[in-house]
Amino acid sequence: MTLRHFESILVTGGCGFIGANFIRYLFECAGYEGRVVNVDKLTYAGNPENLAGLSEGFGDRYRFVQADICDAAAMAEVFARWKVDAVCHFAAESHVDRSIVGPDAFVRTNVNGTFALLEAARRHRAHLVLFHHVSTDEVFGSLGPAGYFTEATPYDPSSPYSASKAASDHLVRAYGRTYGLPVTVSNCSNNYGPYQFPEKLIPLMILNAVEGKPLPVYGDGGNVRDWLFVTDHCQAIWAVMQTGRIGETYNIGGRSERNNLQVVETLCDLIDRRCGSLDAPRQRLITFVTDRPGHDRRYAIDCTKIERELGWHPAVTFEEGLAQTIDWYLANTAWTRRVRSGAYRQWIDQQYGQASGARGMTP
Ligand code: NAD
Ligand code: TYD
């Protein structure tokens, strides 16, 4: 299988959870020898500390540009100045609950932002080897107790978040078909692991459980997600970027279905073992709260296509990944404290000289 060669990859949203893990993966695990230009607006979810040490370690090969992907002129400049030959597009508003409270930012960044980026890529087409778009399995809507999402499953999004991601997926594919842009798309299940902002289920529950706070489970806790450790996702994206067929979509999943109650119970037991008896058993902190409107019941990915065509398989079991994630949060309390207190916002403002993005809903 011939590997695509890139010299200058534009990663959008590289200061967020998966983007930061992906950039670290490229430099620290994948043996990538070119340049990464990380374009991030630094919303509440973007934290340059997630990439601390990279500028020192990799010098000119790592560049950070604080910019909004909706800013057409800034995107054009990035493509030209850094001679971008590949894009890995993560930047998005990513939290379903926020999209229910305030959908505007989701349409702006996920739809208009992707459009602005695609336009800049189209104008730079002659130099572009690949435009990879990172998306979610939530575009497919909700499954019943049986069945799986395949690449052929019709789109049926339930939340403003998933609807905005669906729109962006369609735009990316349309630019492939209409303008010949060399695009690939991946639709992934729920990720977890280090550097995830503690508004998503797993990090929120870890921190609350450690602190003996209530663990708010929506509805009856029976909603099922297919959990994927973030480095497995990074490997899959890199496999698609290097060898995926142009114009194709690849589903990425962990083959690790769990309902929310199972996730929270497992996490409580692991934390009991690590943190001693003060708040044990932490399962007693589980509190059932009002359900999320439009809450999809079950997501499950059939990832046969990427396994068969590209030889990628999820490598980390849910139990291993969850234990690693808990250990990371326990070892990185300073990171957590700063992210939750907003102190890192002050650090960003000092570093970059301006406030950016929404700050509401701090957990
Ligand atoms: P995140 O919220 O942790 O990070 C998003 C990043 O994008 C942040 O650094 C933020 O500052 C940046 N950003 C937001 N708006 C921007 C804008 N207008 N211009 C430039 N940068 C902007 O998200 P994540 O969990 O890392 O998800 C990354 C991508 O993966 C998203 O596209 C998401 O839809 C997709 N995805 C996530 C999951 C998951 O479980 N987290 C699963 C499947 C797919
Ligand atoms: P989340 O991490 O927000 O991811 P997504 O909505 O994209 O799947 O939520 C994962 C699951 O956990 C989802 O079914 C909603 C549920 N959930 C809770 O029960 N309590 C919570 O506090 C949160 C944040 C999520």
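Each reported figure results from applying straightforward, stated rules to the coordinates on display, with no laboratory input. Model, not experiment: these values are computed from the prediction. Heads up, the Cβs are rebuilt from the backbone with ideal geometry, glycines too, and the neighbour counts pull from every protein chain shown.
List of remarks:
- The chain, relative contact order in percent, only Cα pairs under 8 angstrom and at least six apart counted: 18 percent
- Gain in span if fully extended, ALA323 to ASP291, counting 0.36 nm per residue against the direct Cα distance: 8.8 nm
- Take every pair of alpha-carbon atoms less than 8 Å apart whose residues are at least six positions apart; their mean separation over the length of the stretch 25-149 yields a relative contact order of 25 percent.
- For the chain, the mean residue ellipticity at 222 nm estimated from helices alone is -12000 deg cm²/dmol, where every DSSP H run of n ≥ 4 contributes -39500 (n - 2.57) and the total is divided by all residues, rounded to the nearest 500.
- Dipole of the chain, positive end: most advanced residue of ASN208, ALA280, MET1 [Cβ charges, Cα centre]: MET1
- Radius 12 Å from Cβ of GLU119, net charge of other residues (Lys, Arg +1; Asp, Glu -1): +2
- Bins of 5 Å, starting at 0 and running to the largest distance - Cα pair percent for the stretch 210-269: 4, 15, 18, 17, 14, 11, 9, 8, 4, 1
- Rounded to the nearest 20, the size of the Cβ-charge dipole of the chain about its Cα centre is 520 debye, with Lys and Arg at +1 and Asp and Glu at -1.
- Proximity of backbone amide H atoms, modeled 1.01 Å from N, is registered between LEU215 and ILE286, THR287 at under 5 Å, excluding neighbours fewer than 5 places apart on the same chain.
- Dipole magnitude (debye, nearest 20) for the stretch 267-340, charges at Cβ of Lys, Arg, Asp, Glu: 380 debye
- Kirkwood hydrodynamic radius of the stretch 125-247, from inverse mean 1/r over distinct Cα pairs, in Å: 16.6 Å
- At most 12 other Cβ within 10 Å, DSSP loop - GluC sites (Glu not before Pro), the stretch 6-106: GLU33
- For THR153, neighbours were defined as the other residues whose beta-carbon sits under 11 Å from its Cβ, and their charges (Lys and Arg +1, Asp and Glu -1) total -4.
- Taking a sphere under 11 Å around the Cβ of LEU181 and counting the other residues whose Cβ falls inside, with K and R at +1 and D and E at -1, yields a net charge of +4.
- Listed from fewest to most Cβ neighbours within 10 Å, the set MET241, MET1 follows the order MET1, MET241.
- Here the stretch 1-40 yields Rg over Rh of 0.99, to two decimals, using C-alpha coordinates and the Kirkwood radius.
- Per-residue Cβ neighbour rank within 10 angstrom, fewest leading, PHE140, PHE27: PHE27, PHE140
- DSSP-defined antiparallel bridges as percent of all bridges, the chain, nearest 5: 10 percent
- D_trans [Stokes-Einstein, Kirkwood Rh over alpha-carbon pairs] for the chain, 37 °C, 0.692 mPa s, µm² s⁻¹: 158 µm²/s
- Gap separating the Cα centres of the stretch 194-218 and the stretch 118-185, nearest whole Å: 30 Å
- Here's the picture: charge each Lys and Arg Cβ at +1 and each Asp and Glu Cβ at -1 in the stretch 60-182, and of PHE149, ASN110, HIS95 the one pushed furthest to the positive end of that dipole is ASN110.
- For the stretch 38-174, taking the reciprocal of the average inverse distance between every pair of different Cα atoms yields a Kirkwood hydrodynamic radius of 16.3 Å.
- Positive-end ranking of GLN235, LEU128, CYS15 along the dipole of the chain, with charges on Cβ about the Cα centre, is headed by LEU128.
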